[in-house]
Amino acid sequence: QASSRYVFNIKASYGAELDATVKQLASVGISRIAAVYLNNPFGTGGLASVEKSVKAYNVNLVAQAPLEVDGSKMAAAVETVAKQSPQAIVVISAGKPSVDFVAAYMAAGHKTTFYMLSVISNAQLVQALGERARGVVVSQVVPSPWNMSMPISREFQALAKAKGITEFTFSQMEGYISARFLVEALQRAGSKPTRAGLVQAMESMRSVNLGGYPVELSASQHSSGKFVDLLMMGRDGKFTK
């Protein structure tokens, strides 16, 4: 939020993730999609983003249905969406209702491609859905921890392996990038950093490259989210391009 002096965000917003998703769907010729959304401000805000993006990319939002936080009314959500046979479903949700909807939709005998947000972990997907997780597309706001072509991913892997960590997650990668950002800011703040000096250092990061991950901040811009990637869950529970 630019309105708070002490808040900095270096990841893309959920709106940016959803826009990238709809843009990708349009680019591969998918014109009929549905959206299910958590019935709270997070979900309705995401739905508003999708409604804006479908107009921009000329995609039809043929169905939408709320997902209750407590998991109730799941059958009704499945029926509402399935009636329109969408080519893809964007799941604007977090936690258990997300995977429960996918499981219920498949159990009812319907087929489609599911697009989910970065808030869903690859471990959670595989644990809940097993082989059925294959083909689910998840937007990510940090580089893949398995990516050998990006310096920051290689750094992460080397440090993780040195600590005996061999199973990677995107949550770990997010934490690593946040730490790298903070260390960069502390170095810029000098040998005796103060709170004001640290804020100024972060605001000075107008065009910084953290091993392939871009950060662009200023005194008037405390949010820098440009990186969004879409990855598909593969056969082995790992993401593929």
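Quick notes on this structure:
- Subset of segment 200-221 (residues that are touching a residue at least 24 places away in the same chain (Cβ under 8 Å) and either touching a His at 6+ places or on another chain (Cβ under 8 Å) or open to solvent by 10 Å² or more (accessible area, probe 1.4 Å) (or both)): M202, V208, G211, G212, S220, Q221
- In segment 125-142, the residues that are farther than 21 Å from I177 by Cβ and polar (S, T, N, Q): Q127
- The condition (being farther than 25 Å from M150 by Cβ, outside any loop (DSSP other than H, G, I, E, B), without any contact (Cβ under 8 Å) to a residue 24 or more places away in the chain and more than 24 Å from the chain's Cα centre (by Cα)) is satisfied by just one residue among G190, G197: G197.
- Residue among A48, A20 that is without any contact (Cβ under 8 Å) to a residue 12 or more places away in the chain and either closer than 30 Å to L182 by Cα or part of a helix (DSSP H, G or I) (or both): A48
- Scanning segment 134-155 for residues that are in contact with a Lys or Arg (Cβ under 9 Å, 6 or more places away or on another chain), assigned to a helix (DSSP H, G or I) and either touching a residue at least 60 places away in the same chain (Cβ under 8 Å) or surrounded by 19 or more Cβ atoms within 10 Å (Cβ to Cβ) (or both) returns a single hit, I152.
- Test for A94: is it small (G, A, S) and more than 26 Å from V126 (Cβ to Cβ): no
- Scanning segment 166-187 for residues that are modelled with pLDDT under 95 and open to solvent by 60 Å² or more (accessible area, probe 1.4 Å), we see that the one that is nearest to S121 (Cα to Cα) is S171.
The values are calculated or read from the model by the stated rules, or taken from the named source; none is laboratory data. In this text, all values refer to a predicted model and were calculated from it rather than measured experimentally. A quick note on method: Cβ atoms are made from the backbone with ideal geometry, for glycine too, and the neighbour counts reach across all protein chains shown. Remember, those area values only see protein heavy atoms, side chains included, never the ligands or the DNA or RNA. Shrake-Rupley method; radii C 1.70, N 1.55, O 1.52, S 1.80 Å.
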